[in-house]
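Heads up, the thing below is written out as structure tokens.
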Amino acid sequence: MENIYLAIVLAPLFGAIVAGLFGRQIGRVGAHTVTILGVAVSFLLSLWVFKAHVFDGAEVYNATVYTWMVSDGIRFEVGFLVDNLTAMMMLVVTFVSLMVHIYTIGYMQDDPGYQRFFAYISLFTFSMLMLVMANNFMQLFFGWEAVGLVSYLLIGFWYKRPTAIYANMKAFIVNRVGDFGFILGIGALLFYAGSLDYWEVFAEAEGMSQATISIIPGTEWSLLTVACILLFIGAMGKSAQVPLHVWLPDSMEGPTPISALIHAATMVTAGIFMVARMSPLFELSTAALSFVLVIGALTAFFMGLIGIVQNDIKRVVAYSTLSQLGYMTVALGASAYAAGVFHLMTHAFFKALLFLAAGSVIIAMHHEQDMRRMGGLRKYMPITYITALIGSLALIGFPGFAGFFSKDGIIEAVSLSTTPGATFAYVLVLAGVFVTAFYSFRMFFLVFHGEERFRNVEHHAHHDAHHADDHGDDHGDDHGHGHHGPVEPKESPWVVTVPLILLAIPSVLAGYVVGPMLFGDFFGDAIFVAEANDVLARLGEGYTGVMGFIVHGMMMPPFWLAMAGLASAWYIYMRKPSIAAAAKARFEWLYKVLDRKYGFDEFNAFVFAGGSVGLGRALWRFGDRLFIDGLLVNGSARAVGFISRYARFSQTGYLYHYAFAMIIGLLVLITVFAF
Amino acid sequence: MNFEAFLFYFFSVILVGAAVAMITVRNPVHAALFLVLTFFTSAALWIMLEAEFLGIVLVLVYVGAVMVLFLFVVMMLDINLARMREGFIRFLPVGIVVAVAMVSVMTLVIVRHFHMEAPERAGADYNNTEALGQILYTEYVYPFEIAAVILLVAIVAAIALTLRRRPGTKAIDPAQQVRITRKGRVRMVDMKSEDKS
Amino acid sequence: MTFEIPDFMPVIPELFVLGMACAILVIDLFVPQARRDITYGLSQFTLIGAAVLTIALASPETRFTFNDTFIADGLSDLLKVAVYLITAVVFLYSRPYLQDRDIYKGEYYVLGLFGVLGMMIMISSYSFLTLYLGLELLSLSLYAMVAFNRDSARASEAAMKYFILGAIASGMLLYGMSILYGITGSLDIKEVSDYLITSSAGLNVPLVFALSFVIVGLAFKLGAVPFHMWVPDVYHGAPTSVTLFIGTAPKLAGLAIIMRLLVDGLGPLHHDWQGMLTILAVLSLAVGNVVAIAQTNIKRMLAYSTISHVGFILMGILAGTHEGYAAALFYTLVYAIVAAGGFGMIILLSRRGFEAENLDDFRGLNERSPWFAFIMLLIMFSMAGVPPTVGFYAKLAVLQAVVQVDMIWLAIFAVIFSIVGAFYYLRAVKIMYFDKPEDESPLPKALDMNVVLSINGLLVIVLGIFPGLLMSLATGAISW
């Protein structure tokens, strides 16, 4: 097995190295062939591993492959832990990655950085696999940082565009905040358990929950709670939870395939995966769970609200991603880890689908992303239309589609949870269902139905209407379409539509495994839930099969809320567009708050960025230039140089001086030590 | 003081005196001769310590071979004494201070702390040479062989560093001289007699 | 008396090298100058053969022979193989250099092989006598090699200084050993150690007196301050190919005799020699790093850099723990690899009639050859101890060992002077990358040299990323 695991991890890395270092030599076709082959090998082997673990009941694999170093008794290793949870993640990651690889052939067709792009996404696949297959915190952290790095590189893929550079800086810096917490959390665990290995740390969990730590003198905090919250802060950065979510909408500056792969389907779910993996720790700390629950609920509802006022098609999907990540986090907080991970999986499929469909629309509109200039695309792009509809239905949780099962599972679980803050969370996630349906179908109707607004757009109007951070003309530099008049949209090529179709299939079907996933023993020992918190078990008592679940779901409030959202979106945007304008005028303050995204960006820019710059400048002026540069660095350098110039004269070149020095040395040794 | 002690101090005083003289006298030939005297007296001391083989070897090898060779070298090379003596006086005070410090430290250590019993005397029938011969090629064969290699390296180094075939030298190769034939040396040339005009 | 034929198995590598060296000495007489590569090839064959034999005969258990004057154990196997490999690299780098200067002669390789034999004897010595003889064999070969370029006055001067100072140091070492013999009644390292453990009461002063002389002899061979004076002059004066040899493999042998003599033999006196080595280490770190800054000649600069590295090696030894010895061994191996690369670069840049000895000759190397500028950068970073090069791990291991025995002040001192030292390494990097080249001539194209030098440089980073490979070897060799 070890060789197979190694092959799964290394095949994409190989592709990345070949495409990255020899891209010019092997050309475009060579680059995409080698990377797609690498990922395809990885996918097929993952499929096999999934089969072996899930259906053939292979033993949980936990072994070290390579010991990097041993320092002070702490082993730094590369190793794999493969159980059902890992196998599922591997399958999702490699499948979505493979789809995105194929899709990219069409999407990046004209881009000069074609090979570079393929190298990056293959490298990402490698890093993500390292992350999910890790059996120790060192490797987890490596994968964590590596996916962050690739994300940074890809957001700034069009590096000539200032907004892209701003966005990737922002993503990087915000993630640093999260990672800082993350590594402190790892440190806290290492401090107590003395090991980086998952299982060895989990074995110490019981003791850790008793131990306390005094960070501020005079206060005693539970070590485990501190460690879990710190770890979760890492997850908040990577999985974009409030208030560290600010980077994710801006990350849409990157090419659409990576928005689908990294910023929707896989990387951003790393935090969810990590918390699920750490369930044996989180379960023992109610305070940490409560924290997770509240943060998740806030994200789920308030980020969804912003989605309503967005006009950029990709940003709507991005805010929807934020909101859905909030749902997953809520599930984690309610100890329904299986539901969270299940939603992670279904979400990976339908959100990747939605992103790629949005990308397909963007291609058809010649890199126009403003929905106000779309409409009526249904008849031009039938495949994209159908698949987008499937994706949207899955997203809002329409019975029978994948999202229904997972989201319903989460909401039900929260309603049963007794973790402090559960009621608050329940209200927010319920309200979120309406919001989700509303913005999803607002987007759907604006893009595919109604008036063909792209015909009325004059080049000038189009240009002026641009919002500062909207995408627009500057695409021209990179894509060279240079065509701004009314366009005749047409369906995208097969490399784009095939992945859409392939992703649409699991977006419908993936939900039907709800039985074993949520209520069965699918995850085995991978996820640990304390007796008192086991909401899914209680939920499972009433479970009577898939059809029963659907029927039951149709009688519950979430379904009706979703339908209400769908209906109001239809009514407002299809029937009476005046209502939207009127509401905007009436509730202008609310619109402004939402349009400003609650002012997080301004706050961060002013307080943190401004404050850091001010502090930095002050330190630079007084600390650096005056004290360190002037006195310490240059001063000591001058002193050393001075001594050196004189000390070299001791080397006279005379033999008897040398011999004399030796005799003196001997004399000193004897007199100092013998007496 | 018995006779043995008397002999010991007699030779020791000569040894130290000769050693000091060796580094202070101006004439290099005299210095070499003082060194010979030093060797002789230390050989005498060794013989008193029952190391008669080593004592004899010291005289034979160092006095008989090495020092004589050395004297030849000294006499053949025209060493500029004046230049060698430069700085001797200048560094004398420092040298003396260090030497005195060294000697006093060593004396202090040896007089105060070395209280070793002398080993049992071997009888008159004990043969030092025979004992050496027995272990030199058995127990000490490995060091002995290494010493041989060192000598080989010394030879190689000496030859490599001194043997020069300068292109301009007029050295004669006897083998070539012997092998010479008439053809290589004499060439018959037919010349017409010159016209007188 | 009875005499047993000693076991010859453990000494087979020594016998092989000796036999081949003698054979090459004779064969070389009949090889015309144009075919000198035969001698070279035979020498390389000897080293590789010796490596094969040593590895084939290696076993985890300790083997004694020749009345326990010869030892073969994990330490000796590792160090011997390292010596062969380093020497093979040295021979390879030397060839173009010697050819360009018309001193491509068989004696260079023969003397080199005898030097290797000397090192092997030192590494495997378990008696004062063999240790001393091995040292002399090595030294004699080195003296002759320094003077090898007879037309160079500077080389002759360096050889003379080296020879006389070396003789003084050997004398002191021998004097110290003879006092130890007088006290303990044995030349055998094991017996000396046993004697010291059982009955050293009241003998402390004479023992330390003898120890001082021994330490002086060892410190001279390693080049620790204040017995370092020969190092800059010899490194500078000797032909670069010989500097390359002196600067690399003999350090391994030097470490071996310190391990045998101080740790195995005089281990009970650890407290005393720890103090002595501390003084030497502190002085070496300070003088080596500070004086190197003022050097403009890169060979001299590397000489002072060697002195500072010796300070680090001594720090590892003086810790007196297994970790410390392993760290010192690791450091020495790393140092030998890195120094070989550094001097190799000097040879690479030199050519007929031109010695790339000055720092200025490296100016703008990046424009002339980005690849070798990068290799030199790796080497300089490793010497300075910049992660992730292996030099960093070497320094880290030594510092850890020192901290473990609560000599934190020494660790801090070493770090401070490493930072001072980083200045001149980084200056070399700056010169290569940011200055304009004065000399635009292309680098020579000797394939073997380029390949090996590249591997040598890359090894620095590969071992830096995977320090466990070398570290486990070092730890394995020390845990006897």
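Rule-based calculations on the coordinates, nothing more; no lab input. Bear in mind that the values here come from a model prediction, so they are computed numbers and not experimental data. Quick reminder, even Gly has a Cβ in these numbers, built from the backbone with ideal geometry, and neighbours come from all protein chains shown.
A few remarks follow.
- Counting only DSSP H runs of at least 4 residues, each contributing -39500 (n - 2.57), and dividing by the residue count of the protein assembly as shown, the helix-based mean residue ellipticity at 222 nm comes to -22500 deg cm²/dmol.
- Restricting the trypsin sites (Lys or Arg not before Pro) of the stretch C:382-480 to loop positions (DSSP other than H, G, I, E, B) with no more than 12 neighbouring Cβ atoms within 10 Å leaves C:445.
- Calculation over all alpha carbon pairs of the stretch C:392-480 in 5 angstrom steps from 0 returns a P(r) of 3, 10, 11, 14, 18, 16, 11, 8, 5, 3, 1 percent.
- Shape of the stretch A:174-219, Cα gyration tensor, a/c cut at 1.5: oblate
- Pairs of alpha carbons in chain B whose separation is greater than 25 Å (percent): 67 percent
- In plain terms, if you count all Cα to Cα distances in the stretch C:61-166 and split them into 10 Å steps from zero, the share in each step is 14, 38, 31, 14, 3 percent.
- For the protein assembly as shown, the Cα-based Rg and Dmax, in that order, read 41.3, 148 Å.
- Relative contact order [Cα under 8 Å, 6+ residues apart], chain B, whole percent: 13 percent
- Gyration tensor verdict on chain C (Cα atoms; rounded if a/c is under 1.5, prolate if a/b is larger than b/c, oblate otherwise): oblate
- With a threshold of 21 Å on the Cα-Cα distance, the over-threshold entries among C:161/C:221; A:160/A:351; C:221/C:430; A:170/A:238 are A:160/A:351; C:221/C:430.
- P(r) weight above 15 Å for the stretch C:194-246, C-alpha pairs, percent: 62 percent
- Which of C:443, C:458, C:421, positive extreme of dipole for the stretch C:417-458 (C-beta unit charges): C:421
- Cross-link partners of residue B:170 among lysines, defined as those whose alpha carbon lies under 21 angstrom from its own and excluding same-chain residues fewer than eight positions apart, are absent.
- Mean shadow area of the stretch A:1-140 over all directions, Cα convex hull, nm²: 8.8 nm²
- In chain A, a dipole from Cβ-located charges (positive for Lys and Arg, negative for Asp and Glu) runs towards its positive end, and of A:46, A:366, A:133 it is A:366 whose Cα lies farthest in that direction.
- Here the relative contact order of the stretch C:9-477, from alpha carbon pairs under 8 Å that lie six or more residues apart, stands at 14 percent.
- Unit charges at the beta carbon, dipole of the protein assembly as shown: most positive-side option, C:104, C:312, A:73: C:104
- Long-range tail of P(r) for the stretch C:1-104 (Cα pairs > 16 Å, %): 64 percent
- Computed about its Cα centre, the charge dipole of the stretch C:35-138 is approximately 340 debye, with only Lys, Arg, Asp and Glu carrying charge at their Cβ.
- Distance between the modelled labels on residue B:2 and residue A:25, one decimal in nanometres: 9.0 nm (7 Å Cα→Cβ projection).
- Placing +1 on each Lys and Arg Cβ and -1 on each Asp and Glu Cβ, with no other charges, gives the stretch C:9-477 a dipole about its Cα centre of roughly 700 debye.
- Computed Rg/Rh of the stretch C:130-199, alpha carbon atoms with Kirkwood Rh: 1.20
- Long-range HN-HN contacts of residue A:134 with modeled amide H, under 5 Å: A:81
- Whole-Å distance, taken between Cα centres, linking the stretch A:414-429 and the stretch C:205-260: 75 Å
- Whole-number D in µm²/s for the stretch C:284-336 (Stokes-Einstein; Kirkwood sum over Cα pairs; 4 °C, 1.567 mPa s): 114 µm²/s
- As a proxy for reagent exposure, ranking C:276, C:407 by other Cβ atoms within 10 Å from fewest up yields C:407, C:276.
- The mean sequence distance of close C-alpha pairs (under 8 Å, at least 6 residues apart), as a share of the length of chain A, puts its relative contact order at 12 percent.
- By the count of neighbouring beta-carbon atoms within 10 Å, fewest first, A:77, B:139 end up ordered B:139, A:77.
- The Kirkwood radius of chain A, taken over pairs of alpha-carbon atoms, gives through the Stokes-Einstein law at 10 °C and 1.306 mPa s a diffusion coefficient of 59 µm² s⁻¹.
- Rounded to the nearest 10 degrees, the angle from helix C:204-222 to the longest Cα principal axis of chain C is 20 degrees.
- Put in order of Cβ neighbour count within 10 Å, fewest first, the listed residues A:120, C:104, B:137 become B:137, C:104, A:120.
- Cα gyration tensor category, rounded, prolate or oblate, for the stretch A:165-280 with a/c compared to 1.5: prolate
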